[in-house]
Amino acid sequence: MKVTLFDFQKDALGKLRDALVSARKSVSSDNQQVIAFSAATGSGKTIIMTALFEAILDEPDDQLAWPLDWAPQPDAVILWVSDMPELNEQTRLKIESKSDKVYRVNQLITIDAHFDAPRLDGGRIYFINTQKLAVNQPLTNRGDGREHLIWETLTNTARAIPDRFYVVIDEAHRGMTSGRGAQAAQTLMQRFLLGFPEVGLVKMPLVLGVSATPKRFLDLIAHAEHTVTTHKVAVPTEEVRKSGLLKDRILIHHPEAATTAEMALLEEAARRWGKMTVAWGAYCADENEQTVWPVLVVQVENGSDRQLTKTDLSAALTVIESAIGRRMNEGEVAHAMHDTGDLDVGGRRVRKVEASRIDSDKNIGVVFFKTSLSTGWDCPRAEVMMSFRRAEDHTYIAQLLGRMVRTPLARRIEKDAALNDVHLFLPYFDTGAVESVVASLHNAEDVPPAETGSSRNLVVLKRREGTDDIFTSLNETVTYRVNAARAQSPLRRYMAISRSLTIDEINDDAWATAKLNILEWMGLRIAAIKAAGQFDAAAKTITQVGLRTLAVNNGTGVAEPAADYHIDASDVDIDRLFEEAGRAFSHGLQMEYWRDHADRDALEVKVEAIVLARNAAEIAVLESMAETAFDSLYDQHKKAIYKLKEQRRINYEKLRLATAKPNEVPWHLPASIDFKRLPTDPLWERHLYVEGNGQFRAELGSWEAAVLKEELAKIEVVGWLRNLDRKPWSLEIPYETGGEVRPMFPDLVVVRKIGIELTIDILEPHDPSLGDNFEKAVGLARFAEKHGALFGRIQLIRKQASARSEHFVRLEINRVVTIKKLLLITSNPQLDALFDSDAA
């Protein structure tokens with residue numbers, strides 16, 4: 001693969017692999033195998049499927065450990081079925097661009113009207129859409145020299161290679177009729193599952209149904225009359241959100257009451273598009289990224305027999321040009337309306353473009369469309385949308401928005417929070433209609449962003465002027481990111497960080513040195529296995545195959561052991577085990593070891609690597625050495641890492657966090673953050689992030705508000721931060737509960753200036769009635785024990801009643817004596833007692 005899979009994508013790939021292994025063993029004409037792959041729009045289902053196709057037709061990608069019994073099938077056939085030509089074309093282009101295997105043009109074949117073959121050829125991926133399978137289409141009718149109907153081609157392929165013919169039904173929920181009436185193949189899509197004897201089509205033996213909502217697909221299978229074994233694989237939607245593949249927010253701009261001032265909103269949408277274009281240009285230039293060119297998508301009204309659309313396209317273009325202060329360039333404006341070709345709009349050419357080509361054509365900046373983009377369209381560059389549609393179309397608009405929430409760089413942007421937003425302008429939607437759009441979006445098949453709402457409430461905050469020294473001090477502290485990255489082996493992490501340090505020119509020798517170190521360690525561990533007398537027996541299981549002979553008496557039928565003997569394992573078997581050892585070591589280290597010992601017998605060297613990879617105790621020693629080396633490299637270069645461009649710095653952060661036990665990372669606060677508040681929320685002074693008018697509004701809990709008022713009454717407090725839960729920039733501290741590590745997010749971070757020094761405080765008002773009190777207190781104590789020197793006060797705060805009034809009491813955790821006491825407590829009553837004795 002040309003791209004690195006996200007952890008949730010690796011999980012899905014692993015589950016699909018396991019399902020295929022099981023399905024291959026059981027598939028037959030009498031036992032259909034169906035895999036239902038539930039993957040929400042935006043989860044990268046095509047990327048996952050491409051990695052699976054690579055493993056089937058070629059060799060599996062080493063991003064995932066593959067079992068010994070996995071065998072590629074170079075002669076397998078994959079048929080991708082959808083109900084739209086545009087879906088197929090988009091999928092084909094994506095597979096071609098993301099795979100680094102041998103997917104050339106002759107391997108990715110779109111079945112057209114001229115296709116005529118007795119069977120589908122092995123080693124290829126075919127694409128077909130259901131429109132070509134209708135009764136009046138050339139593929140399903142004899143004539144013009146056709147020898148084979150498409151149904152015959154599919155049946156012949158299924159009968160010849162049932163365990164190597166994979167039929168993938170994209171958007172499998174469409175064309176399925178649920179309930180017992182579905183026992184007959186009522187639609188073209190269903191024929192692949194149920195067969196269609198009338199035209200000679202057998203049911204496809206091995207089917208993968210890909211869908212955001214697979215219920216109808218599963219219902220059809222459940223009521224089928226033949227034997228079906230179903231395997232279910234699902235991608236958790238929350239994992240998709242966390243990945244950064246989707247935009248964080250959709251901001252809906254609308255009038256308080258429905259209006260006819262549609263062109264005024266279009267002008268504002270165009271201005272927003274212009275700002276997004278400038279912001280993306282600046283970000284990409286600063287980060288050395290290929291420039292992202294945002295697209296303004298304009299949904300126009302339907303037309304009539306006499307006119308293409310009721311929307312005045314000429315006026316719309318004039319408004320857009322006025323807003324951005326220039327005339328549109330040739331080819332910059334396009335449309336995706338099916339019922340016409342290129343247009344002349346007020347002397348400007350508006351060219352016709354297929355929806356699947358919009359994202360790749362960087363010249364396109366504005367796209368007019370009616371309804372053609374709601375299904376199968378994928379354009380991460382679509383940042384701003386304006387709709388001339390009426391309020392009754394809210395469900396449709398929600399579906400369309402689900403196609404617009406992908407991030408252009410397939411990751412969340414830290415530096416500029418505004419680049420994680422999508423903007424929607426709705427002139428004919430009042431507040432009530434907008435609420436219907438939001439409700440429809442959350443009920444749609446696609447995964448909505450974490451926040452959707454009115455632009456009046458969703459804002460972007462920037463650093464308050466004059467706070468540079470405060471942010472410098474904050475950036476010298478640390479935070480944790482619990483479960484932010486899947487644990488990797490220390491060997492893999494050590495090799496990855498050393499390679500990255502060399503690529504980023506931080507340490508030119510790191511990559512070479514790491515390989516030399518590991519080769520030396522491997523030699524030492526192999527020597528240890530030999531010294532323990534364990535090597536010869538382990539090597540024998542690799543180089544020899546034990547055989548037993550039974551002599552069967554032809555007259556009596558009695559079998560008796562005759563002799564046992566051994567034969568040498570074949571070179572092919574040993575090479576396969578050698579490659580499997582390489583997956584355990586990662587980064588081709590088995591080959592490095594083999595080359596390092598080129599003066600010795602090649603078979604002997606390979607066997608040594610295999611024996612070591614199979615010895616769990618010695619691998620554990622090797623991993624421990626690699627982990628120590630990783631930590632040393634990271635600590636040595638973390639300041640240089642911090643200065644890298646965003647994407648590269650995040651790469652190191654992921655490696656640092658890819659451990660079973662949470663690790664700290666430098667706390668990096670971005671230049672801007674997204675925030676949700678009401679225009680009527682209370683104003684607070686001295687917050688570190690503010691709106692464009694210099695103000696900060698927030699509705700705090702009663703305890704947080706009261707504690708904050710106490711803090712702001714102190715003249716030494718020069719700033720504070722509302723530490724929101726689960727934001728990429730949040731201060732996060734781990735704690736244990738029920739044997740599981742979870743994150744906590746202290747409510748307030750307060751900055752005090754004492755003399756010329758800035759001090760960072762962590763304040764956590766916490767209700768004592770909550771069951772996690774003592775566990776969070778212990779978590780704060782462990783944090784203070786390790787990192788207390790970077791902070792001033794670390795306080796757990798609760799409200800207590802006295803004879804006269806209620807007041808707050810604060811347990812100061814960032815003291816050695818308090819830390820020692822907290823690390824011994826195991827219950828809330830013990831914490832209560834500590835508050836009684838030590839809190840102020």
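The values are calculated or read from the model by the stated rules, or taken from the named source; none is laboratory data. Note that the structure is predicted; figures quoted are calculated from it, not measured. Here the Cβ is made from the backbone with ideal geometry for all residues, glycine too, and neighbour counts use every protein chain on show. Protein only, heavy atoms only, side chains kept; ligands, DNA and RNA dropped before computing areas. Shrake-Rupley method; radii C 1.70, N 1.55, O 1.52, S 1.80 Å.
Couple of notes before you dig in:
- For residue 693: the one exception among (1) of a type outside the set (Ser, Thr, Tyr); (2) over 33 Å from the mean Cα position of the chain (by Cα); (3) under 17 Å from residue 749 (Cα atoms); (4) part of a loop (DSSP other than H, G, I, E, B): (3)
- Extreme residue, most open to solvent (accessible area, probe 1.4 Å), among residues of the stretch 805-814 that are at pLDDT 95 or above and part of a loop (DSSP other than H, G, I, E, B): 814
- Some residue of the stretch 824-837 being of a type in the set (Asp, Glu) and either outside any helix (DSSP H, G or I) or within 42 Å of the chain's Cα centre (by Cα) (or both): no
- So residue 664, is it within 27 Å of residue 420 (Cα to Cα), of a type in the set (D, E, K, R), open to solvent by less than 40 Å² (accessible area, probe 1.4 Å) and at pLDDT below 95: yes
- Listed here are the helices (runs of 4 or more DSSP H) enclosed by the stretch 409-513 that have at least 1 residues being modelled with pLDDT of 85 or more and under 30 Å from residue 281 (Cα atoms): 468-474, 490-503.
- Cβ-Cβ contacts under 8 Å between residues 6 or more apart (or on different chains), taken from a first residue in the stretch 742-764 that is more than 30 Å from residue 660 (Cβ to Cβ) to a second residue that is among the hydroxyl-bearing types (Ser, Thr, Tyr) and open to solvent by 20 Å² or more (accessible area, probe 1.4 Å), are listed as 751/473; 751/759; 752/759; 753/759; 758/473.
- Some residue of the stretch 769-792 being in a loop (DSSP other than H, G, I, E, B), open to solvent by 10 Å² or more (accessible area, probe 1.4 Å) and more than 23 Å from residue 725 (Cα to Cα): no
- The lone criterion from (1) touching a helix residue (DSSP H, G or I) at 6+ places or on another chain (Cβ under 6 Å); (2) outside any helix (DSSP H, G or I); (3) touching a residue at least 60 places away in the same chain (Cβ under 8 Å); (4) not hydrophobic (A, V, I, L, M, F, W, C) left unmet by residue 225 is number (3).
- Of all residues making up the stretch 232-264, the number that are part of a strand (DSSP E or B) and crowded, with 19+ Cβ neighbours inside 10 Å: 7
- Close pairs (6 angstrom Cβ cut-off, 6 or more residues apart or separate chains): within 10 Å of residue 522 (Cβ to Cβ) in the stretch 605-619, basic (Lys, Arg) and in a helix (DSSP H, G or I) anywhere: 612/525; 618/525
Residue-wise test of (1) out of contact with any helix residue (DSSP H, G or I) (no Cβ under 6 Å at 6 or more places or on another chain); (2) at pLDDT 90 or above; (3) under 30 Å from residue 539 (Cα atoms).
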position: 554; (1), (2), (3): yes, no, no
position: 557; (1), (2), (3): yes, no, no
position: 563; (1), (2), (3): yes, no, yes
position: 583; (1), (2), (3): yes, no, yes
position: 595; (1), (2), (3): yes, yes, yes
position: 618; (1), (2), (3): no, yes, yes
position: 624; (1), (2), (3): yes, yes, yes
position: 633; (1), (2), (3): no, yes, no
position: 641; (1), (2), (3): no, yes, no
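- Filter pass, residue 650 being in contact with a strand residue (DSSP E or B) (Cβ under 6 Å, 6 or more places away or on another chain), of a type in the set (A, V, I, L, M) and either under 30 Å from residue 510 (Cα atoms) or open to solvent by less than 20 Å² (accessible area, probe 1.4 Å) (or both): no
- Residue 527 vs. criteria in a helix (DSSP H, G or I), at negative phi, modelled with pLDDT of 95 or more and of a type in the set (Gly, Ala, Ser): yes
- Residues of the stretch 326-361 classified as open to solvent by 40 Å² or more (accessible area, probe 1.4 Å), in contact with a helix residue (DSSP H, G or I) (Cβ under 8 Å, 6 or more places away or on another chain) and free of Cβ contacts under 8 Å to residues at least 60 places away in the same chain, total: 2
- Within the stretch 667-688, restricting attention to residues that are assigned to a strand (DSSP E or B) and touching a residue at least 24 places away in the same chain (Cβ under 8 Å), the residue that is surrounded by the fewest Cβ atoms within 10 Å (Cβ to Cβ) is 676.
- Considering 392, 330, the condition of being modelled with pLDDT under 80 and more than 30 Å from residue 729 (Cβ to Cβ) is satisfied by 392 alone.
- Checking the stretch 127-134 against the condition returns no match, with no residue being in contact with a strand residue (DSSP E or B) (Cβ under 7 Å, 6 or more places away or on another chain) and surrounded by fewer than 17 Cβ atoms within 10 Å (Cβ to Cβ).
- One residue stands out in the stretch 634-661 among those that are outside any loop (DSSP other than H, G, I, E, B) and of a type in the set (Ser, Thr, Tyr): the one that is nearest to residue 63 (Cα to Cα), namely 652.
- Answer residue from the stretch 572-621, given it is of a type in the set (Lys, Arg) and part of a helix (DSSP H, G or I) and is surrounded by the most Cβ atoms within 10 Å (Cβ to Cβ) among those: 606
- Residue match in the stretch 204-213 (condition: open to solvent by 10 Å² or more (accessible area, probe 1.4 Å), modelled with pLDDT under 85 and not in a helix (DSSP H, G or I)): yes
- When residue 672 is tested against the conditions (1) of a type in the set (Ser, Thr, Tyr); (2) closer than 26 Å to residue 779 by Cα; (3) modelled with pLDDT of 95 or more, the lone failure is (2).
- Residue within the stretch 723-734 that is over 27 Å from the mean Cα position of the chain (by Cα) and either over 22 Å from residue 810 (Cβ atoms) or charged (D, E, K, R) (or both) present: no
- Any hit, the stretch 794-804, residues being open to solvent by 10 Å² or more (accessible area, probe 1.4 Å), basic (Lys, Arg) and at pLDDT 95 or above: no
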